[in-house]
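Right, I'll just put the structure down here and ask away after.
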Number of protein chains: 2
Amino acid sequence: MADPAYVAVDWGTSSFRLWLIGKDNSILGESRSNEGMTTAAKTGFAEVLASHLEKVNAPAHLPVIVCGMAGAKQGWVEAGYIDVPASLSSILTGAVPVPGQSRDVRILPGLAQRDETRPDVMRGEETQLLGALGPASTGSQAVCMPGTHSKWVHVEDGLVTGFSSFMTGELFDAISKHTILSHAVAGAEQAPSDDAAFASAVRQAYDHPALATNLFFTARSGQLLHGLTAAGAQARISGTLIGLEIAGALADTGTGANVTLVAAGRLQGLYEAAFRALSLSYTTIDADVAVRGGLAAAAKAIWPN
Amino acid sequence: MADPAYVAVDWGTSSFRLWLIGKDNSILGESRSNEGMTTAAKTGFAEVLASHLEKVNAPAHLPVIVCGMAGAKQGWVEAGYIDVPASLSSILTGAVPVPGQSRDVRILPGLAQRDETRPDVMRGEETQLLGALGPASTGSQAVCMPGTHSKWVHVEDGLVTGFSSFMTGELFDAISKHTILSHAVAGAEQAPSDDAAFASAVRQAYDHPALATNLFFTARSGQLLHGLTAAGAQARISGTLIGLEIAGALADTGTGANVTLVAAGRLQGLYEAAFRALSLSYTTIDADVAVRGGLAAAAKAIWPN
């Protein structure tokens, strides 16, 4: 087994993931929990990190590179934002050291788009992006990182020129739980997914984005008039949101860009199905692989030996 | 004071409104409560109606005409739907009598659009529509009835050719209360409204509907990067939803139709501001006047003397 080189941490709002990385880039240990920023802000960031370092038996001297919400204003140490347009490699240079630690702990900055009409921010996804494309990518790239607040980033020859957050995941939850459609989707989780209803909703929303909030309502009226199932209603809501997101993102980046999907699990399946429904080509990169790749690039830039 | 002619009732999901109407069409008495369908389904529809009839001293023989959710499957007596395309006057002929009552009580039907891809239903708004346009309207009309589920109806020479529900009001509540934007809007109700932020969001969403869920997110990023206020964030959410709704509705009906807004109070102000922001002309009809007008037309058709 290789000697450990550094510790990589992806510290989100509601989740914590840590990997012990070897000098040959192998994963020597891993520890995950739901001690995201929200929890750690109460229990202590240093204490949460220490408990996970102990679980993977990280040597006392080993440095730690962190990305995500730990660098937010409400996080551990504010790591600020790098303003776009920004080169992917500039992310590597903005890491902020956490003072008063027995080992070298650094938090990577986020990205900010200080546009008057389309202001936007990200924390954590910039590191996934770096890992997905590498610091010296070429050509026109559209990178989709789905989630609670999906991020679409436009990169031209390694320069991040702009990005947009879409509230897709959070709206899916709010609509499914806190509107009249909660009745329409009741029991959907116990049924097989309705892939045809999903693909059809993706296409409708992509072709007619202005009808989005009407298409949501058809999850209910479709049950009243056409016997739509709960799984079908759920598929219509998620398909409408994802079709709307893709329409908005491609209106920004143009359909000529290479689309890279950075995702895993259920979201990967949904977005791949949506791209297929729209006959859009794409390349998928695993989200964990991407974030570890970005953290590795940062670790190597900061601690070259 | 004129003799009473009939009782008019608008029985919604969460509200009950009753008027005692005179032979000269004057309002002789009025009674309102929150005993909508949801409440009355538990406490009894007949009992709720009787208590309000007593409040306005309605004579024992006086007939009652009802519109709204009292005619839904989960309501008092199911009044069914009339399928579109349908003439406005056909609504007058579909009233269903409530059996076993000591007086003549009739519930008006709703409208259904049994379209495969855009199924839709309404109950109550068809009566507002009848009152707003009259049974024999001419020309191409787009009628906007904003609310929890805003309805836009397209009428051609008195024929309802199609309609769409937009979940604008309910999404505003769900987004403001059950997403990360709840922090962004906290305290907005105590501040003056931000009319400029509202108008700007209406225009952005109307021009770029595919960006809707991104525009919501700018309520948060605008606070992080530009010091947007809580009132500004709230205005961006409601402006985005209303701009999106208008874009979707006019994509259906075309911008050549006369737009009639049937509304009152706060919603009337918001929609009028949105139409002005988009330089769209419109005519406003008070929602209460409209629903009483529709109920009056039905009462006169059913009980001509």
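The values are calculated or read from the model by the stated rules, or taken from the named source; none is laboratory data. No experiment lies behind these values; they were computed from the predicted model shown. Because the Cβ atoms are built from the backbone with ideal geometry, glycine has one as well, and the counts that use them run over all protein chains shown.
Give A:LEU92, A:LEU53, A:LEU62 a once-over and let me know the one that is in a helix (DSSP H, G or I), in contact with a Lys or Arg (Cβ under 9 Å, 6 or more places away or on another chain) and farther than 27 Å from A:SER164 by Cα.
One residue alone meets the criteria, A:LEU53.
While we're on this one: Please indicate, with yes or no, whether at least one residue in the range B:143-151 is surrounded by 21 or more Cβ atoms within 10 Å (Cβ to Cβ) and free of Cβ contacts under 8 Å to residues at least 40 places away in the same chain.
yes
Just a yes or no: is a residue in the range B:270-283 more than 13 Å from B:CYS144 (Cα to Cα), polar (S, T, N, Q) and more than 14 Å from every other protein chain (Cβ to nearest Cβ)?
Within the range B:270-283 (the criterion being more than 13 Å from B:CYS144 (Cα to Cα), polar (S, T, N, Q) and more than 14 Å from every other protein chain (Cβ to nearest Cβ)), the answer is yes, since at least one residue qualifies.
Here is a yes/no grid of residues against (1) farther than 23 Å from B:HIS208 by Cα; (2) away from chain B (no Cβ under 14 Å); (3) free of Cβ contacts under 8 Å to residues at least 12 places away in the same chain; (4) buried (at least 23 other Cβ atoms within 10 Å of the Cβ):
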{"residue": "A:SER193", "(1), (2), (3), (4)": "yes, yes, no, no"}
{"residue": "A:LEU225", "(1), (2), (3), (4)": "yes, no, yes, no"}
{"residue": "A:ALA257", "(1), (2), (3), (4)": "no, yes, no, no"}
{"residue": "A:THR260", "(1), (2), (3), (4)": "yes, yes, no, no"}
{"residue": "A:ARG266", "(1), (2), (3), (4)": "yes, yes, yes, no"}
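Further question on the same structure: Would you pick out the residues in the range A:228-264 that are among the acidic types (Asp, Glu) and at pLDDT below 95?
A:ASP252
Same structure, new question: Picking from A:THR218, A:THR240, which residue would you name as being in contact with a Leu (Cβ under 7 Å, 6 or more places away or on another chain) and either surrounded by fewer than 22 Cβ atoms within 10 Å (Cβ to Cβ) or under 27 Å from B:PHE163 (Cβ atoms) (or both)?
A:THR240
On to the next question. Please determine whether any residue of the range B:15-30 is basic (Lys, Arg), under 23 Å from B:ALA296 (Cβ atoms) and either free of Cβ contacts under 8 Å to residues at least 60 places away in the same chain or surrounded by 14 or more Cβ atoms within 10 Å (Cβ to Cβ) (or both).
Looking for residues that are basic (Lys, Arg), under 23 Å from B:ALA296 (Cβ atoms) and either free of Cβ contacts under 8 Å to residues at least 60 places away in the same chain or surrounded by 14 or more Cβ atoms within 10 Å (Cβ to Cβ) (or both), one finds at least one in the range B:15-30, hence yes.
Evaluate the following for A:ILE65: is it in contact with a strand residue (DSSP E or B) (Cβ under 6 Å, 6 or more places away or on another chain) and either more than 17 Å from A:GLU125 (Cα to Cα) or surrounded by 15 or more Cβ atoms within 10 Å (Cβ to Cβ) (or both)?
yes
Also: Determine whether the range A:88-109 contains at least one residue that is within 10 Å of chain B (Cβ to nearest Cβ) and either at pLDDT below 95 or surrounded by fewer than 21 Cβ atoms within 10 Å (Cβ to Cβ) (or both).
The answer is no; no qualifying residue exists.
I'd like to check something: does the range A:153-174 contain any residue that is more than 30 Å from A:ALA58 (Cβ to Cβ), surrounded by fewer than 24 Cβ atoms within 10 Å (Cβ to Cβ), among the acidic types (Asp, Glu) and in contact (Cβ under 8 Å) with a residue 40 or more places away in the chain?
No, there is no match, as no residue in the range A:153-174 is more than 30 Å from A:ALA58 (Cβ to Cβ), surrounded by fewer than 24 Cβ atoms within 10 Å (Cβ to Cβ), among the acidic types (Asp, Glu) and in contact (Cβ under 8 Å) with a residue 40 or more places away in the chain.
Let's see how each residue does on (1) at negative phi; (2) assigned to a helix (DSSP H, G or I); (3) of a type outside the set (Val, Ile, Thr); (4) within 8 Å of another protein chain (Cβ to nearest Cβ):
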{"site": "B:VAL143", "(1), (2), (3), (4)": "yes, no, no, no"}
{"site": "B:SER164", "(1), (2), (3), (4)": "yes, no, yes, yes"}
{"site": "B:SER176", "(1), (2), (3), (4)": "yes, yes, yes, no"}
{"site": "B:ALA196", "(1), (2), (3), (4)": "yes, yes, yes, no"}
{"site": "B:SER200", "(1), (2), (3), (4)": "yes, yes, yes, yes"}
{"site": "B:ALA205", "(1), (2), (3), (4)": "yes, yes, yes, no"}
{"site": "B:ALA210", "(1), (2), (3), (4)": "yes, yes, yes, yes"}
{"site": "B:PHE217", "(1), (2), (3), (4)": "yes, yes, yes, yes"}
{"site": "B:GLY222", "(1), (2), (3), (4)": "yes, yes, yes, yes"}
